[in-house]
Amino acid sequence: MQPHGPPFWTTIHGIIDNNLQLEMETHYTRLNQKLDNLQMEHSKPKKHQNHNQKQNFYPCTVNLTRITFTKEQELLDLGMQHSIQQPIEAYWTNLIVETEHAIRLLDPKFQDAYRIMATRKLKQIHNANHNTNVTHKRH
């Protein structure tokens, strides 16, 4: 027995190697032709549009239902990068105003106790939110 295996293995290996080489050459030749075509198209001088012509943009969304949307459709058309989030100060202001409004609806003898509890809870939430923001900024 030979140390490198049967004698026909080298022949099979050579045939496989040649076939792979031919396949790779045709594949890369096709890719190079595509690249050449793209470079040729890119290097051609482009016709400039007249200033009077308006460029057409396609909408981000298409409504395929019978439902008519107004603000929602406009918001979706602004795109995914558009942020509708309000600043954190607006959230805090709304939360404080709504909490005070709810406390005023209570019986007057309980209002002070609930104001104290609400103040403590709001401070706790604010401190937790502030600590989270500081930690995120550090990272």
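The values are calculated or read from the model by the stated rules, or taken from the named source; none is laboratory data. Note that the coordinates shown come from a computational prediction; the quantities given were computed from them, not determined experimentally. Because the Cβ atoms are built from the backbone with ideal geometry, glycine has one as well, and the counts that use them run over all protein chains shown.
Considered as a group, the residues in the range 89-117 that are without any contact (Cβ under 8 Å) to a residue 24 or more places away in the chain and within 37 Å of the chain's Cα centre (by Cα) include one that is farthest from Q73 (Cα to Cα), and that residue is T99. Quick one: what pairs do we get from the range 1-21, first residue modelled with pLDDT under 85, second outside any helix (DSSP H, G or I), C-beta under 8 Å, 6+ apart or different chains? Every condition considered, the pairs that remain are T10/H4. One residue alone among A90, A102, A113 is assigned by TED's automatic domain parsing to the domain that holds N129, closer than 28 Å to N129 by Cα and either at pLDDT below 85 or not in a helix (DSSP H, G or I) (or both), and that residue is A90.
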